[in-house]
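Structure first, then comments.
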Amino acid sequence: MNITLLLDMAVDGFGDRVVVGTRTGGLSARELQRLATAGAAEIKKSGADALVYLAVNGPAFPVAMFAAARAGVPLVPVNYRLGREQLDSLLANHPHALGIAGAEQSEALVRAGLRVRTPEEWLAELAFAAEEFDDLDGNDDAAPAVVIYTSGTTSAPKGVLLRHENLSSYVLGSVEFASAEETDCALVSVPPYHIAAVANVITNLYAGRRTVVLEQFSPAQWLDTARTEGVTNALVVPTMLSRVVEADVDKSVPTLRGLAYGGAPMPARVIEQALAMWPEVGFVNAYGLTETSSTIAVLGPDDHRDALRSDDDVVRARLGSVGRIVPGIELEIRDADDEVVGAGVMGRICVRGDQVSAEYAGIGRVVDERGFFDTRDKGFLDDEGFLYVGGRVDDTIIRGAENIAPAEIEDVMFRHPAVLDVAVVGMPDPEWGQRIEAAVVLRPGVALDTGDLRDFVRASLRSSRTPEHIVYWDELPRTETGKLVRRHVVERLTEQATGV
């Protein structure tokens, strides 16, 4: 199924319902369809083979997504926070694209030789375009719908190809058509170049839920928008929820019924505080990757409540899991010899299913002979099928003959009341191969003795898993979606050690 059919179904089912933007002044499903059709006609007329979107999230983004789909070309949302060199390198992959860029980012598209206009200019042009166009047959299910460049947290970004059939499979497997009430509203606080932004456009539209985007996140603005717009559902990344929980402001959101989080590990203390703060809200931990068209495992509201209230250590520990695998996804945990392991054994998370793209521009599909994609995430399943993610395989610290997961140490350090953020990495060591080092961000106005912090870790973990060196920084290098860029942590620690 081509994702344009999702929009057509929405128009047939609830065409006059506002599905994008604020309660007043937002776009109905029918208006979204008309603008997307006009945008597709412009793309076809220009001869462009892609639509590059280099701007913040907003109403122009879903219009661009469906316009590109109807024109039969992929949408390429690009990170507007990239440095000039990296941005120019990515844009060089799309020399024949049409461009949409914010005023501050348009120079990059001009350097790339692309025709460009701002989101506001583009929407204004489409609003006055004719309504009917011929030769707009974007109906190839196997064609690329979106190209998303990975965050590059461990290596150079790669362009992930998500085909229409991947995205449609995800929507049809996770959302019931027209299941939302007309008053429902989703608040999205992730940038357009993240898979969660793409997934939220199509899932909320298919459900019939209005979507409001918060371009610049702050706890006060998020809470105010949630109250003003009557938000019933929201999506945040862990760092955002942490800031909301910590904020000294009115945290009441009377209409909020569901809050989904994901994109990075959630510190246990943060989700526990959030559950206590909003006991009537259903929390959902969604785990997925760009290569899997978003969510492949879910820890649902009942799972959260059961874990929080249970006296059983096994059940309570599930608050740190990402839940069970969603329908349509097959998962195997494999060891270093590529053998499938049983419950409780840590290994590599490998998945397959119709929503799994596992395909990179210029590389092709990266799957084994049985169609399984190696996510390069470590994890294990418990006896009841709850999945625990233990970080990236590439992050593993090898100290002597021992493999150590940084996430295990970070989880302990996060529980210290003085620690606001932490990153644990392995650094070269002539005796052990690697030694454990940690970069810590302390809470404002709090002092901490390093010896006390190491003792705190040692009380829960063996001494061999206690950081040998701890530094204190004002902030850690994280992406907008909260992912830690470990290679930047290693680079900075190296610079500090060598003075280079």
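Taking a straight Cα-Cα cut-off under 12 Å and skipping sequence neighbours fewer than 8 places away in the same chain, the aspartates and glutamates within cross-link reach of residue 45 are 134, 135. In a simple Cβ point-charge model (Lys, Arg +1; Asp, Glu -1; nothing else charged), the chain has a dipole of about 680 debye relative to its Cα centre. Rounded if a/c is under 1.5, else prolate if a/b beats b/c, else oblate: with a ≥ b ≥ c from the C-alpha gyration tensor eigenvalues square-rooted, which is the range 281-412? Oblate, since a/c reaches 1.5 and b/c is not below a/b. Classify the range 182-227 as rounded, prolate or oblate, taking a ≥ b ≥ c as the square roots of the eigenvalues of its Cα gyration tensor: rounded when a/c is under 1.5, otherwise prolate if a/b is larger than b/c and oblate if not. Oblate, since a/c reaches 1.5 and b/c is not below a/b.
Computed from the C-alpha gyration tensor, the three semi-axes of the ellipsoid equivalent to the range 245-334 are 24, 17, 12 Å, from longest to shortest. Three principal axis extents of the range 150-214 based on alpha-carbon atoms, in descending order, are 43, 28, 13 Å. Shown for 295, 228, 466: other C-beta atoms within 10 Å of each C-beta, ranked fewest to most, produce the order 228, 466, 295. More than 41 Å apart: what percent of Cα pairs in the chain qualify? Of the Cα pairs, 20 percent sit more than 41 Å apart. With distances taken between every two different alpha-carbon atoms, the range 396-498 has a Kirkwood hydrodynamic radius of 13.9 Å. Just so you know, the Cα atoms of the range 213-296 work out to an Rg and Dmax of 12.6, 38 Å. Using the alpha-carbon positions of the range 322-478, Rg (one decimal) and Dmax (whole number) come out as 18.3, 55 Å. Compactness of the range 1-124, taken as the C-alpha radius of gyration over 2.2 N^0.38 Å, stands at 1.07.
Candidate cross-link partners of residue 378 among the lysines, defined by an alpha-carbon separation under 21 Å and a same-chain spacing of 8 or more, comprise 158, 483.
The region of the chain that goes longest without hitting one of the GluC sites (Glu not before Pro) in a DSSP loop, each with at most 16 other Cβ atoms within 10 Å, is 1-103.
No lab work stands behind these numbers, since they all come straight from the coordinates. Because the structure is predicted, anything quoted here is derived from the model rather than measured. Cβ coordinates were reconstructed from backbone atoms using ideal geometry, including for glycine residues, and neighbour counts include every protein chain displayed.
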